[in-house]
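The values are calculated or read from the model by the stated rules, or taken from the named source; none is laboratory data. Note that the structure is a prediction, hence the values are computed from the model and not measured. When we count neighbours, we look across all protein chains shown, and the Cβ atoms used for this are built from the backbone with ideal geometry, even at glycine.
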Amino acid sequence: MKFIMKNIILTKKLLFLVLIVISHLSYSEDDFSFDDRGASYNPMTYVQTIETGNGAYTIEFKNEEESYYTNFIVTSKGVVAFDPLSDSAAQEYSRIIKKYSPGKPLLAIIYSHLHTDHIAGARILRKNFGSDVPIIAHERTLKYFKHRNVPFIDLPTETVTDKGKIYKFGDRTVDLRYLGDAHTASILVPIFPELELVYVCDYASNDVVGWTDLPGIDIDEMMTMQRRTLELEVAMVTFCHGPPDTIEAVKRQLDYYESVLFESRKALEKGLTEDQAADLIDLPEYKHFRNYNDWFKENVRAMYRWADLKSRKR
Ligand SMILES: [Zn+2]
């Protein structure tokens, strides 16, 4: 069963890539003018809305595989919406914004990073709130989509460099920081100083192990980003996967990755093989983390290879 689950998950990622390719081959640009293409590969259902501060809300959705969260803030001038997720999610997202902030305009949409499963629904938000709503993202997000021309992604209209940028929307500040290159080198980390809140997407989550064998991730850089997040002057964190929590949740993620790396390096230094390390290492104190049974051993393998790579470079 576990084997099947892993394969389904891997297959989903492949299928997603295939769908992008097919969408390029099979449809003209016009076919994407209104449709639910974003949702055709990532349909999401609404779960709940959670208040994370005065005028700040996190919305939980789920697809067949996992939970997704996104955020919006209500300011004195209107609403700022983060990751619009997918088309089906964005339709519900619009409804919820209108419920919590009736009659107010949407001032901006902000993309956390370039992964389409978090940002595909912007067309729907703009259909419901105005086609001229600005989209803010890291400059490399714009560069990425300019090259690829993914028809269901609305391009950012304003970009932010690695230096970050502070925006004022009515009575609220949105401080967009760039904390490091792990995970696509395009992650903007929004801080809401008045709310002592930060939005962390995909480089840390809430009590969960890493995805499979951490493919393509610079593990040191990921932990550096987590450490930098802990230095921010915030009390609360919202994630794009996992419920909002106190900032301690980021500390628990960092502790987890440090522990797996420590144990894997110890195994390597003892002369154990990767298979033996995966077999022997167990961290029962993290058994309550989501996906532990499915992916912990693969996390160990990733950390073992990382430790091996680093020891060869020395
Ligand atoms: Zn991502």
*So is residue 218 in the same structural domain as residue 191 (by TED's automatic domain parsing), crowded, with 16+ Cβ neighbours inside 10 Å and farther than 30 Å from residue 48 by Cα or not?*
yes
_Residue that is modelled with the lowest pLDDT [pool: residues in region 151-196 that are in contact with a helix residue (DSSP H, G or I) (Cβ under 6 Å, 6 or more places away or on another chain) and among the β-branched types (Val, Ile, Thr)]_ = 153
*At least 1 residues that are farther than 27 Å from residue 203 by Cα and assigned by TED's automatic domain parsing to the domain that holds residue 199 in each: list the strands (runs of 3 or more DSSP E) lying fully within region 58-153 that qualify.*
106-110
*asked:* Looking only at strands (runs of 3 or more DSSP E) that lie completely in region 171-257, which have at least 1 residues being of a type outside the set (S, T, N, Q) and closer than 25 Å to residue 296 by Cβ?
replied: 197-200, 236-239
_Consider region 191-204. How many of its residues are under 17 Å from residue 169 (Cβ atoms) and within 15 Å of the ligand (Cβ to nearest atom)?_
1
*Single condition residue 187 does not satisfy, out of (1) more than 19 Å from residue 229 (Cβ to Cβ); (2) surrounded by 21 or more Cβ atoms within 10 Å (Cβ to Cβ)*: (1)
_Hits in region 273-311 - residues which are in contact (Cβ under 8 Å) with a residue 24 or more places away in the chain, outside any helix (DSSP H, G or I) and surrounded by 14 or more Cβ atoms within 10 Å (Cβ to Cβ)_ = 283, 289, 290, 291
_Looking only at region 134-153, count every residue that is more than 16 Å from the ligand (Cβ to nearest atom) and surrounded by fewer than 21 Cβ atoms within 10 Å (Cβ to Cβ) and tell me the total._
8
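Residue-by-condition table, conditions (1) crowded, with 19+ Cβ neighbours inside 10 Å; (2) aliphatic (A, V, I, L, M); (3) over 30 Å from residue 181 (Cβ atoms); (4) without any contact (Cβ under 8 Å) to a residue 60 or more places away in the chain:
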| position | (1), (2), (3), (4) |
| --- | --- |
| 92 | yes, no, yes, yes |
| 102 | no, no, yes, yes |
| 105 | no, no, yes, yes |
| 113 | yes, no, no, no |
_Residue match in region 216-234 (condition: modelled with pLDDT under 95, in contact with a Cys (Cβ under 9 Å, 6 or more places away or on another chain) and within 15 Å of the ligand (Cβ to nearest atom))_ = no
*asked:* Checking the structure you have, find out if any residue of region 54-62 is on the phi < 0 side of the Ramachandran plot, crowded, with 19+ Cβ neighbours inside 10 Å and over 21 Å from the mean Cα position of the chain (by Cα).
replied: no
*What number of residues in region 125-150 are touching a helix residue (DSSP H, G or I) at 6+ places or on another chain (Cβ under 9 Å), at pLDDT 95 or above and among the aliphatic types (A, V, I, L, M)?*
4
